[in-house]
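The values are calculated or read from the model by the stated rules, or taken from the named source; none is laboratory data. Fair warning: this is a prediction, and the values are worked out from it, not measured in the lab. Note that each Cβ is placed from the backbone with ideal geometry, even for glycine, and that neighbours are counted across all protein chains shown.
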Amino acid sequence: MIKTNLTGVYFRETQTNGKADKTYYITYKELNTNKKIWLKIGKFSEGIREAYCNQKRNEILTKQRNGEEPPAIAMKKKRNILTIEIIANEYFNSNNVVRSIKSHYQTHILPFFKSYDIENLSKNDILKFTNVLKSTNGIRTKKPLAPKTINNILNILKAITKYALKNDLIKNDFTKYINLSDVDNARERFLTKEEIQTLYYEIKEDETVYLFFKLALNTGGRLATLLNIHKKDIDFTHNLLTLKDFKNNSTYKAFLTDELKYLLELRTQNLSLNDKIFTSNPEKRLRAILDNLFNDGIDTHDRKNKVVIHTLRHTFASHLAINGTPIFTIQKLMNHKDIKMTLRYAKLSPDSGREAVINLGL
């Protein structure tokens with residue numbers, strides 16, 4: 001233990017994700033037994049500082065002297081502290097969340113915010129968390145988290161908070177303090193028609209995987225969206241499919257092709273209205289298939305050229321643009337809230353100006 005300048009406050013030099021860190025402790029004597037107590041407060045990387053440790057120690061000593069909590073502390077503790085864990089569990093129980101989202105939450109969000117009262121989170125707390133993410137190395141890569149990964153983690157925190165606000169679990173909308181990094185999406189990978197046919201050929205015997213890829217490539221739905229489709233969401237009369245967008249917390253309509261309608265009719269014939277069409281999460285199998293077919297020789301960390309499940313969404317939008325679909329129609333089909341998200345596909349449109357320049361003959 002290393003003593004600080006504050007009485008009864010110590011720290012140990014530790015490591016977090018391969019980086020130097022400090023774990024703080026306070027010590028005091030139990031009033032009745034005179035026994036020395038060591039109490040762990042938390043890590044420097046979690047936002048814990050010496051002044052905070054000193055404050056916690058003084059609270060304990062004051063309570064010992066007076067036999068009660070200091071008035072300010074007693075007032076705070078009259079209500080239960082609302083933790084991130086409480087609202088996150090509510091969110092996860094109400095939504096079909098993919099494994100990677102839960103992993104980001106468990107690895108980054110929960111450890112930092114576990115001792116915070118969510119109702120009292122400030123702009124400074126969010127800034128601290130963002131800075132911690134920027135100084136954190138990935139568990140597998142041992143490299144600093146990419147801006148896109150940091151954005152994903154911050155968006156998960158946003159989604160959990162927006163759910164809590166919508167359901168009156170909290171009143172403090174601290175998402176206004178969350179600032180995302182600018183990420184270069186200029187060269188998004190999408191599958192060609194030949195690659196799509198290769199994919200279908202390889203998976204044609206696996207009904208579940210085949211249906212998933214058909215849905216992804218014909219609706220542009222995200223993984224969590226497609227895994228959350230219930231039988232009641234399918235309108236076979238009008239060939240429509242209601243999709244839940246967890247990123248935007250909204251629903252939107254997709255159109256069923258004849259083949260997709262047929263596949264869904266087969267899939268749902270023995271299901272109840274409230275049953276999901278996917279009873280398990282095939283994410284691991286989907287990733288393995290895409291890796292085997294399209295990622296041979298591509299660096300694991302090449303985010304622009306590696307084919308992942310989200311590539312299917314970009315493929316849907318890209319081929320809409322290539323086929324001359326108006327940009328506002330693509331925005332509607334993708335359920336983009338901001339047209340800027342859709343404009344990345346405009347360069348693929350036949351009326352983008354490419355032919356006009358070629359035909360100048362200059």
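Can you tell me which residue among 217, 256, 199 is surrounded by 14 or more Cβ atoms within 10 Å (Cβ to Cβ), more than 26 Å from the chain's Cα centre (by Cα) and under 24 Å from residue 336 (Cβ atoms)? Let's see the steps before the verdict.
Details: 217 fails: more than 26 Å from the chain's Cα centre (by Cα); 199 fails: under 24 Å from residue 336 (Cβ atoms).
After applying the criteria, what remains is 256.
Mind listing just one residue for me: the one in segment 314-362 that is among the charged types (D, E, K, R) and farther than 28 Å from residue 249 by Cα and, of those, modelled with the highest pLDDT? Please lay out each step first, then the result.
Applying the first criterion (among the charged types (D, E, K, R)) to segment 314-362 yields 332, 337-338, 340, 344, 347, 351, 354-355.
Filter again for farther than 28 Å from residue 249 by Cα, leaving 347, 351, 354-355.
Working: 347: 83, 351: 67, 354: 53, 355: 57.
Taking the candidates together, the pick is 347.
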Count of segment 222-239 residues which are in a strand (DSSP E or B) and surrounded by 14 or more Cβ atoms within 10 Å (Cβ to Cβ): 2
Search result, residues across segment 101-158 that are in contact with a Gly (Cβ under 8 Å, 6 or more places away or on another chain) and loosely packed, with under 13 Cβ neighbours inside 10 Å: 142
Helices (runs of 4 or more DSSP H) within segment 84-133 that include 2 or more residues under 16 Å from the mean Cα position of the chain (by Cα) and modelled with pLDDT under 90: 84-94, 99-104
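Take the conditions closer than 20 Å to residue 313 by Cα and surrounded by fewer than 16 Cβ atoms within 10 Å (Cβ to Cβ) and apply them to residue 269. Does it pass? Don't jump to the end; show me each part of the working.
Values: closer than 20 Å to residue 313 by Cα: no; surrounded by fewer than 16 Cβ atoms within 10 Å (Cβ to Cβ): yes.
The answer is no for residue 269.
Taking the stated definitions as given, is residue 16 among the polar types (S, T, N, Q), in contact with a strand residue (DSSP E or B) (Cβ under 8 Å, 6 or more places away or on another chain) and under 30 Å from residue 140 (Cβ atoms)? Full working, then the answer.
On the way: among the polar types (S, T, N, Q): yes; in contact with a strand residue (DSSP E or B) (Cβ under 8 Å, 6 or more places away or on another chain): yes; under 30 Å from residue 140 (Cβ atoms): yes.
In short, yes.
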Given (1) over 13 Å from residue 11 (Cβ atoms); (2) modelled with pLDDT of 90 or more, index of the condition residue 71 fails: (2)
Residues of segment 186-221 satisfying the condition of being among the hydrophobic types (A, V, I, L, M, F, W, C), outside any helix (DSSP H, G or I) and touching a Ser or Thr at 6+ places or on another chain (Cβ under 7 Å): 190, 191
